[in-house]
Amino acid sequence: MTDVSVRDLTKRFGSVTAVDRLTMDLTPGVTGFLGPNGAGKSTTLRMILGLIRPSSGTALIGGRRYADLDHPRRTVGAMLEAAGAHPGRTGRQHVRIAARLAGIPAGRVDAVLDEVGLTDAADRRTGGYSLGMRQRLGLAAALLGDPPVLVLDEPANGLDPAGMAWLRGLLRGLADQGRTIVISSHVLAEIAQTVDRVVIVHEGAVRFAGELTELAGSAGLETAFLRLTTGSVR
């Protein structure tokens, strides 16, 4: 079991405070990390992954900073945007290169391509992939190290309804294996069907952190989200 612990995490860009003393715990299961545009979600995820240096505070994965992990890609799988694959390379070539760079056995390549439903398209050039297919390719790369922690930013972007249902099943299956999964998304209806817990941020600070059932109740996730981030229901 690998938890993610964030304590008083703060990031300032000049006079702008993007993340303000944010504290949260991510535990096994699926956590929805929600907030309006500009709330600090992407900055927080990048600090957890060591891509941005915090102004103060800590983000620990299994008790260690990302930079201090012995085998980062075997501990954390991340997808922060659709796979930036070279359009002239095939999906299989893209994942094979990612595996080589991460020191992961080549045998995992076909396994993760199958897991995300890209086996039949694996030898097509990624320049011809749809956005949804590029999302699947990004997920394949994130899963290469069979990590206990997954950090996914808008993983449903570009997926059609069948693709969203597939993604929901994939994430729930991975969570049932005891993995810690955090997904940032604006698709609240899909989040409501997928997650166990919710963290809502607004203006860089946590407005709610807890069980989905505790937040949404009979009013629904969208109503609760709007009350916490706008003070009104539209």
Next on the checklist: Just checking: which of the helices (runs of 4 or more DSSP H) contained wholly in the range 123-234 hold 1 or more residues that are aromatic (Phe, Trp, Tyr) and in contact with a helix residue (DSSP H, G or I) (Cβ under 8 Å, 6 or more places away or on another chain)?
Outcome noted: 221-229
Next on the checklist: For Ala85, only one of the following conditions fails: (1) buried (at least 20 other Cβ atoms within 10 Å of the Cβ); (2) in contact with a His (Cβ under 9 Å, 6 or more places away or on another chain); (3) under 15 Å from Leu143 (Cα atoms). What is its number?
Outcome noted: (3)
Checklist outcome for this item: With criteria (1) touching a strand residue (DSSP E or B) at 6+ places or on another chain (Cβ under 9 Å); (2) modelled with pLDDT of 95 or more; (3) buried (at least 16 other Cβ atoms within 10 Å of the Cβ); (4) farther than 26 Å from Leu69 by Cα, Leu144 comes up short on (4)
Checklist entry - From Ala78, Ala39, Ala18, Ala59, which residue is in contact with a His (Cβ under 6 Å, 6 or more places away or on another chain) and either within 23 Å of Ala209 (Cα to Cα) or surrounded by 15 or more Cβ atoms within 10 Å (Cβ to Cβ) (or both)? => result Ala39
Checklist entry - Within the range 57-106, which residues are assigned to a loop (DSSP other than H, G, I, E, B), small (Gly, Ala, Ser) and touching a helix residue (DSSP H, G or I) at 6+ places or on another chain (Cβ under 7 Å)? => result Gly62, Ala82, Ala83, Ala85, Gly88, Ala106
Checklist entry - Counting just the residues of the range 102-141 that are among the basic types (Lys, Arg) and modelled with pLDDT under 95, which one comes out farthest from Asp70 (Cα to Cα)? => result Arg134
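The values are calculated or read from the model by the stated rules, or taken from the named source; none is laboratory data. The model shown is predicted, which means the values in this text are computed figures rather than measured ones. Don't worry about glycine lacking a Cβ; one is built from the backbone with ideal geometry, like all the others, and counts go over all protein chains shown.
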